[in-house]
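For reference, the structure discussed in these notes is given below.
The values are calculated or read from the model by the stated rules, or taken from the named source; none is laboratory data. Values in this document were obtained by computation on a predicted structure and should not be read as measured data. Cβ placement follows ideal geometry from the backbone for every residue including glycine, while neighbour counts extend to all protein chains displayed. These area figures cover heavy atoms from the full protein model, side chains too; ligands, DNA and RNA do not enter into them. Shrake-Rupley method; radii C 1.70, N 1.55, O 1.52, S 1.80 Å.
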Amino acid sequence: NAGVTQTPKFQVLKTGQSMTLQCAQDMNHNSMYWYRQDPGMGLRLIYYSASEGTTDKGEVPNGYNVSRLNKREFSLRLESAAPSQTSVYFCASSDQGISGNTIYFGEGSWLTVV
Amino acid sequence: AQSVTQPDIHITVSEGASLELRCNYSYGATPYLFWYVQSPGQGLQLLLKYFSGDTLVQGIKGFEAEFKRSQSSFNLRKPSVHWSDAAEYFCAVGPSGGYNKLIFGAGTRLAVHP
């Protein structure tokens, strides 16, 4: 079982460059999420998609865009990368609602913006 | 404001010793509480969760946590730590509505000495 797969695992960008982080899940989950993890700050939600065709901002959406391509795939795009976006990015998926459901995380994408 | 506090940034224990990781939360409604573990280079894995009922919750890998409403705490414990438990541990709190509202603590990094 692949679970949640994200690519690339490592990326170095120059300031101003753009890139897209790809995420796919094979658990038929309705909801998908993008988080960033910074030292001493835990995980913070960037964007989420409650279901196919919908996306909503999380706690830290500025500088990012997302696309819910289909039920399986949820991509995160940095249009003009900034050093402040150096972070570890995690994609996750779950069924809707916490009760009775579990959120599953990918292995992370390490992004450095120089 | 809703928040999760993990007072200990780093903890070092000897293999075989007992472990307690602290988690305090501030939340307006009845919270759903979680502990996740993140091994180096990996995504987050659910250790255990509390929704209701028995306030002592058993999880995977021999971990348990106790919900104390009066103290707004959800501390994680293990009677005997193994070297493979070295990882970062995150406490999280959220409403029943969905994982998009999950709030993470900053994490506690556990080191285990042989």
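To keep it simple, each residue is scored yes or no on (1) touching a residue at least 12 places away in the same chain (Cβ under 8 Å); (2) among the β-branched types (V, I, T); (3) touching a strand residue (DSSP E or B) at 6+ places or on another chain (Cβ under 9 Å).
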site: A:P39; (1), (2), (3): no, no, no
site: A:R44; (1), (2), (3): yes, no, yes
site: A:P61; (1), (2), (3): yes, no, yes
site: A:E73; (1), (2), (3): yes, no, yes
site: A:A81; (1), (2), (3): yes, no, yes
site: A:T86; (1), (2), (3): yes, yes, yes
site: A:F105; (1), (2), (3): yes, no, yes
site: A:V113; (1), (2), (3): yes, yes, yes
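Would you check which residues across the range B:89-106 are of a type outside the set (A, V, I, L, M, F, W, C) and within 10 Å of the chain's Cα centre (by Cα) and list them? Listed by number, the residues that qualify are B:Y89, B:G105. Take the conditions in contact with a strand residue (DSSP E or B) (Cβ under 9 Å, 6 or more places away or on another chain), touching a residue at least 60 places away in the same chain (Cβ under 8 Å), within 16 Å of A:S84 (Cβ to Cβ) and not small (G, A, S) and apply them to A:Q6. Does it pass? Taking the combined requirement at face value, the residue does not satisfy it.
Beta carbons closer than 9 Å, at least 6 apart along the sequence or on distinct chains, pair a first residue in the range B:82-110 that is facing chain A (nearest Cβ under 7 Å) and assigned to a helix (DSSP H, G or I) with a second that is open to solvent by 10 Å² or more (accessible area, probe 1.4 Å) and charged (D, E, K, R) for B:N100/A:D56. Annotation note: Cβ proximity below 6 Å between a residue of the range B:39-52 that is facing another protein chain (nearest Cβ under 9 Å) and a residue that is assigned to a strand (DSSP E or B) and of a type in the set (S, T, N, Q) (sequence gap 6+ or interchain) occurs for B:L44/B:Q38.
Taking the criterion of being in contact with a Lys or Arg (Cβ under 6 Å, 6 or more places away or on another chain), within 12 Å of another protein chain (Cβ to nearest Cβ) and farther than 16 Å from A:Q17 by Cβ, the only residue of the range A:56-114 that qualifies is A:E59.
Taking the criterion of being open to solvent by less than 60 Å² (accessible area, probe 1.4 Å) and more than 12 Å from the chain's Cα centre (by Cα), the residues of the range A:56-70 that qualify are A:G63, A:N70.
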